[in-house]
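Beneath this line is the structure, given in structure tokens, with notes to follow.
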Amino acid sequence: MDPLLALRPWQAPEVTSWGRLPMNAVDRRAGALKLDGDWRFQLLPTPHAPLADVWSSAYVPGVWTMQGTDDLPQYTNVRMPFAEFPPASPPADPTGVYEREVDVPAEWAGRRIVLQVGAAESVLLVHVDGRPVGVSKDSRLAAEFDLSAVVSPGERAVVRLTVVKWSDASHIEDQDQWWHGGITRSVLLYATDPLHLADVTVRAGRYGDLRVDCRVRDAGGALPEGWYVSGELAGHLLTQDTEFDRANAEDDRVSDFLGEARLLTTVADVRTWNAETPELYDLTVRLHRADGTVADASHHRVGFRDVEIDGRDLLVNGERVFIRGVNRHDFHPLTGRTVSYDDLRGDLALLKRFGFNAIRTSHYPNDPTLYDLADELGFYVVDEADIESHDHAHEIADDPRYLNAFVDRVARMVLRDKNHPSIIIWSLGNESDYGANHDAAAGWVRRHDPTRPLQYEGAAKLDWAATDDASDIACPMYAPIEDCVAHALSGRQTRPLIQCEYSHAMGNSNGTLADHWAAIESTPGLQGGFIWEFWDHGILQHVNDGRPVGRGGAGLYDNGVAAPGHRWAYGGDFGETIHDGAFIADGVVFPDRTPKPVMSEHREIAAPVRLECLRHEGVVVGNHQHFRGLDWLAAEWRLSLADGGTLTAPAELPDLRPGETAAVPLPFELPEDGGEAWLTLHVTTADDEPWAPRGTVVCVPQVRLRAAAPPSPPPPVRNRFVEVDGDGLLVHPLLTSAPTLSLWRAPTDNDELGGMAVNWRAWGLDALERKVVDVRRTDGRVTVAAEYAGETGVVRHTQVFTAVEGGIHIEESAELPDALTDVARVGSVFETVPGLDLMEWYGQGPWESYPDRAFGPPVGHHSVPVDELFTPYLRPQESGGRHGVRRFTLSAPDATGLTVALDEPRQVSVTRYRAEDLTSVAHHDELVPRSGCVVHLDAAHRGLGTASCGPDTSPPYLVAPGIHRWSWTLRAL
């Protein structure tokens, strides 16, 4: 039997590798032979199943679960997808066998030849020409194997990579994502001189001090005499650390087969690295033979920066920085776990444009290119080890059989990524309880890299104020902001509090995000957190056969919507019985990276430029960055007048250092009769940035210069009654459904998982029965009293219709019984005739907003086609709302239509769908838009919160029982 199969490494947690080379930070991608492309492929039912005579093909890198096999993706959050307890794996264990010929270059004769497999899920067995080479676990880090003894330069070799999907390692890779199988990152073959750099460690501080530690080995065994190392940083030569060399020699610390060297320099007037100004220096390290010829070289981009914890503050270069972060998976809707350079750059550029400055690599080391781009573009990174044992967390945390796996995964992450300035914190993993295995891993990191703090939510969760666990940072998940503030004010806080997950972005969500940040920015000891998460992990799926589209699906989606005949699949859509449904769709962007409305909300919360009003004297402009001035920005003033359109004027931003403010005069003279007036500073990039072209919007801060005068109802037209039918319903030529009371919305994911929708259905709010009680005509008014019967009593609804010049004025009230303690909305709903395809409004916009997610949209005049108002969240639900609307118009191309003026700023939605349309389907491909508009005017609308995972909305955003009143005027154009 094959010795690797006989070892059964997929059921031996003590075995993390065999024949695998140590991890290091020497990047060998340049000059390597890339083995990506089509490989011969077979998918076996078990690791021991015999190979067939017929091969298919699979693309590397890629997952076989999205390349036409019968083993399809499966999504679970906490639950393992099989019943076996750790360390066992199921007997039915899909095993992919990849094979191809490789022509080994003849010029590699006499050199050391190494195979690098970028990532394989979850156990990798390597054979060359039928000979066993090695084994590796850890699905998110590269494995390297020395092939020098098994290949011959100038000849062809057959490389076979066997990937076993389920293993003991699966129990510690139980992350909230799709389960796949395959080789998910590139496969490389490279060669080095026998005398080579085994590792390079770069430490660069904010004062310009640079230390480079090199480890040197020779494949032949003992090192040759006379070797040495040199270094060059941006044209400046580094010097040998002779004291280090002397200490090594005198203490006899280094044997004949391991060489160590240290290089030093100090850069005068150094340009430091931070997320706002990510300055990088090019470093080349060379290993020389005794005669001076170069045996090996390593290239690095160095960022000079310090990270430290001072009391309860996390400091970067001595500055307390806010962490405006997001959790991010390696994900793509067509390729699963495989991401390209363009994918990664697109992710980070988008995040940068919307005000994010930090990434947590949930819940494993990401593709190496991500860290290169984070260094370049400017992100603070929490690098997280590939450890999550969610379903069996308590058992595994102290299980000595998994001790080696914990330490191995954390150590290899640190060894690979340690030279990236973007990484400011190491994370021991996620949702794996807390035990001795974590402490062992933490001890290794603290000895190897004392320059960065450690975090682990499981260690700190029992006591945020503890000082004796494995976390230097209190990093809770979804802690109510009130609890965070209370802790910061308690006098017990001992370390920074930065939430590793908060504001769960599932569906129409992220309510109270601005409230959260208002508390963070005003409370010493609170420094931010990481939103869960970046992506909706919808996989593009053919509707006709239910299979993933795969690599050939580019162009089959746009603006978050899949093309006809396709849909975004979530848990259960591939026929799996064990799954967690749409919980995989909880990102701030759609699967095609289209931003959700919360992205614009976050951009304004994180705005580098802020405004405050000085009444009539002017406004205060503030620089809310940590390191950068405002010279990289351009701006324009915009004055929005409720009754006079929008005026513009050029703006010259003051010269402000971080944290400084300056008063500037008003750029406009307010007209006396202009009504409500808002001043907006439209801020853009002044020049091309690495993450955005010139003119990209950075933020649109706004202040109100003049409030609206209290509205007066329009005067009635004498001797004219509004027409109502026998049921007391308004009759109007532009309405196909008269305005009635609405207390229901198509439940959001937060409503469903938070339990509110259960209550609403139990109360009968989705099927209220209307009964007319009274219709009266007096003084030119028609008063209609109706009752809506539910399971908790009667809701009384009154409408007063008054004919006014050009239209109808409608006054409404609804009395909710005390039992209705928390409803979705109170307001009117009606439907229009077809053809009214454009909405224009004065109020907040243009993007979607709700009462507890309405910090960002500026008040002004907005215009959006009706079909673009609706937000296509993966599971259809309430969406498309606009908060703070004062008036709006729905019009046809011939300028006919209707206009609605509201008594005060209200929540309004205009879409093509009734609530029951949205609740009756699971995917957008099942929706059939109506030809007319479905219009909601809400006197009160419940906040969104994040109750699908985390706190619900705050009490001010709940809809209470009692009497609600609102009024509006409807006119034809």
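Compute the long axis of helix 513-522 from its Cα atoms, compare it with the longest principal axis of the Cα atoms of the chain, and write down the angle in degrees, 0 to 90, nearest 10.
The angle comes out at about 70 degrees.
Residue by residue through segment 945-956, which ³J(HN,Hα) values in whole Hz follow from phi under the Karplus form 6.51 cos²θ - 1.76 cosθ + 1.60 (θ = phi - 60°), with glycine and proline marked x?
Those phi angles translate into x, 9, 5, 5, 6, x, x, 6, 5, 7, x, x Hz.
Of the listed peptides 345-356, 741-752, what is their order by residue-averaged count of other C-beta atoms within 10 Å, with the highest listed first?
Numbers: 345-356: 20.6, 741-752: 25.1.
Taking the mean over residues of other Cβ atoms within 10 Å, the ranking is 741-752, 345-356.
Which residue, chosen from His288, Tyr228, His299, occupies the Cα position most advanced towards the positive end of the dipole of segment 206-302, where the dipole is computed from +1 (Lys, Arg) and -1 (Asp, Glu) charges on Cβ about the Cα centre?
Result: His299, furthest along the dipole toward the positive end.
Within a Cβ distance under 11 Å of Leu958, other residues only, what is the Lys/Arg minus Asp/Glu net charge?
On the way: positive: Arg942; negative: Asp822, Asp852, Asp952.
Surrounding charge for Leu958 is -2.
What spacing in nm lies between the two simple spin-label points modelled at Ala486 and Ala663, each 7 Å away from Cα in the Cβ direction?
It works out to 4.1 nm between the two label points.
Could you list Lys34, Lys461 so that the one with the fewest beta carbons within 10 Å of its beta carbon is first and the one with the most is last? Present the calculation step by step, with values, prior to reporting the outcome.
Values: Lys34 11, Lys461 18.
Least crowded to most crowded, the residues run Lys34, Lys461.
Relative to the longest principal axis of the C-alpha atoms of the chain, give the angle of the C-alpha long axis of helix 368-377, reported between 0 and 90° and rounded to the nearest 10°.
It works out to around 60 degrees.
When a/c is below 1.5 the answer is rounded, else prolate if a/b is larger than b/c, else oblate, so apply that to segment 586-628 with a ≥ b ≥ c taken from the square roots of the Cα gyration tensor eigenvalues. Walk me through the numbers on the way to the answer.
Numbers: a/c = 5.13, a/b = 2.34, b/c = 2.19.
Verdict is prolate for segment 586-628.
For segment 608-700, report the convex hull volume of the alpha-carbon atoms normalised per residue, in Å³, without decimals.
On the way: hull volume 8.4 nm³, N = 93.
With only Cα atoms used, segment 608-700 gives 91 Å³ per residue.
What three numbers, in Å, describe the spread of the alpha carbons of segment 3-192 along their principal axes, ordered from the longest?
On the principal axes, segment 3-192 reaches 51, 37, 30 Å in Cα extent.
Could you work out the Kirkwood radius for segment 919-973, taking every pair of different alpha carbons, averaging 1/r and inverting it, reported in Å?
Working: mean 1/r = 0.0651 Å⁻¹.
Value: 15.4 Å, from the Cα pair sum.
Can you find, among Ala106, Pro834, Pro9, the residue farthest towards the positive end of the dipole of the chain? Put +1 on the C-beta of Lys and Arg, -1 on that of Asp and Glu.
Pro834
So what's the angle, to the nearest 10 degrees on a 0 to 90 scale, between helix 436-448 and the longest Cα principal axis of the chain?
Relative to the chain, helix 436-448 is tipped by roughly 70 degrees.
List His516, His236, His420 from most exposed to least, where exposure is judged by having the fewest other Cβ atoms within 10 Å. Please report the intermediate quantities before stating the final value.
Values: His516 25, His236 14, His420 22.
With the fewest neighbours first, His516, His236, His420 line up as His236, His420, His516.
First select every other residue whose beta carbon is under 15 angstrom from the beta carbon of Pro851; then total the charges, Lys and Arg +1, Asp and Glu -1.
That sum, taken over residues with Cβ under 15 Å, equals -4.
At a 4.7 angstrom Cβ threshold, list every cysteine in the chain that has nobody to pair with, or say none.
Result for the chain is Cys214, Cys484, Cys613, Cys699, Cys933, Cys949, no neighbouring Cys Cβ within the cutoff.
Rounded if a/c is under 1.5, else prolate if a/b is larger than b/c, else oblate: which is segment 1-102, with a ≥ b ≥ c the root eigenvalues of its Cα gyration tensor? Display every interim value, and only then the final one.
Details: a/c = 1.45, a/b = 1.19, b/c = 1.22.
Here segment 1-102 falls in the rounded category.
Say a paramagnetic label sat at a point 7 Å from the Cα of Asp146, along Cα to Cβ; which residues of segment 11-26 have their backbone N under 12 Å from it?
19-22
Placing one identical point scatterer on every Cα of segment 206-302 and ignoring solvent, what is log10 I(q)/I(0) from the Debye formula at q = 0.11, 0.16 Å⁻¹?
Rounded to two decimals, the profile gives -0.38, -0.73.
Any chance you could list the semi-axes, whole Å, largest first, of the equivalent ellipsoid that the Cα gyration tensor gives for segment 271-351, using √(5λ)?
Working: eigenvalues 196, 133, 25 Å².
Semi-axis lengths for segment 271-351 are 31, 26, 11 Å.
Name the aspartates and glutamates eligible as straight-distance cross-link partners of Lys418: C-alpha to C-alpha under 13 Å, and not fewer than 8 places from it in the same chain.
Result set, ordered by chain and number: Asp27, Asp199, Asp213, Asp372, Asp375, Asp383, Glu384, Asp449.
Determine the dipole magnitude for segment 30-158: charges of +1 sit on the beta-carbon of Lys and Arg, -1 on that of Asp and Glu, nothing else is charged, the reference point is the Cα centre, and the result goes in debye to the nearest 20. Before the final figure, lay out each step's value.
Details: 10 positive and 17 negative charges, 59 e Å.
My answer is approximately 280 debye.
Under a 5 Å amide H to amide H cut-off, with H placed in plane at 1.01 Å, what residues pair with Gln177 once short-range neighbours are removed?
Close amide H contacts, sequence-distant or interchain: Thr76.
Under the rule of at least 5 residues apart or a separate chain, name every residue whose amide H is placed under 5 Å from the amide H of Tyr380.
Ala358, Ile359
Can you tell me what percent of all Cα-Cα pairs in segment 486-565 are more than 21 Å apart? Present the calculation step by step, with values, prior to reporting the outcome.
Numbers: 1652 of 3160 pairs.
Above the 21 Å cut-off, segment 486-565 has 52 percent of its Cα pairs.
Counting only residues 5 or more places away or on other chains, whose amide H sits under 5 Å from the amide H of Ala12 once H atoms are built in the peptide plane?
Those qualifying (amide H under 5 Å, at least 5 residues apart or on another chain) are Asp168.
With +1 on the Cβ of every Lys and Arg and -1 on the Cβ of every Asp and Glu, and nothing else charged, how large is the dipole of the chain about its Cα centre, in debye rounded to the nearest 20? Spell out each step's value before the answer.
Numbers: 87 positive and 143 negative charges, 235 e Å.
Charge dipole, the chain, about its Cα centre: 1120 debye, nearest 20.
Using only alpha carbon pairs under 8 Å that are at least six residues apart, calculate the relative contact order of segment 3-192 and give it in whole percent. Each step should come with its number before you reach the end.
On the way: 452 pairs, mean separation 64.7, N = 190.
So the answer I get is 34 percent.
In square nanometres and to one decimal, what's the mean projected area of the convex hull around the Cα atoms of segment 63-159?
7.9
Taking the beta-carbon count within 10 Å as an exposure proxy, list Asp2, Asp818 from fewest neighbours to most. Each step should come with its number before you reach the end.
On the way: Asp2 13, Asp818 10.
Result, fewest neighbours first: Asp818, Asp2.
Based on Cα coordinates alone, diagonalise the gyration tensor for segment 402-490, multiply each eigenvalue by 5, take square roots, and list the semi-axes in whole Å, largest first. Don't skip to the answer; put the middle values down first.
Working: eigenvalues 120, 46, 24 Å².
Largest first, segment 402-490 gives 24, 15, 11 Å.
Kindly identify segment 853-973 as rounded, prolate or oblate by the Cα gyration tensor criterion: order the square roots of the eigenvalues as a ≥ b ≥ c, call it rounded if a/c is under 1.5, otherwise compare a/b with b/c, prolate if a/b is larger, else oblate. Display every interim value, and only then the final one.
Values: a/c = 1.79, a/b = 1.13, b/c = 1.58.
Oblate shape, in that a/c is at least 1.5 and b/c is the bigger or equal ratio.
Normalise the Debye intensity by I(0) for segment 538-584, one equal point scatterer per Cα, no solvent, then take log10 at q = 0.29, 0.31 Å⁻¹ and round to two decimals.
-1.10, -1.18
Read the figures in this text as sums done on the coordinates, not as results from a lab. Quantities reported herein were computed from a predicted structural model and do not represent experimental measurements. Every residue, glycine as well, gets a Cβ built from its backbone with ideal geometry; the counts of neighbours run over all protein chains shown.
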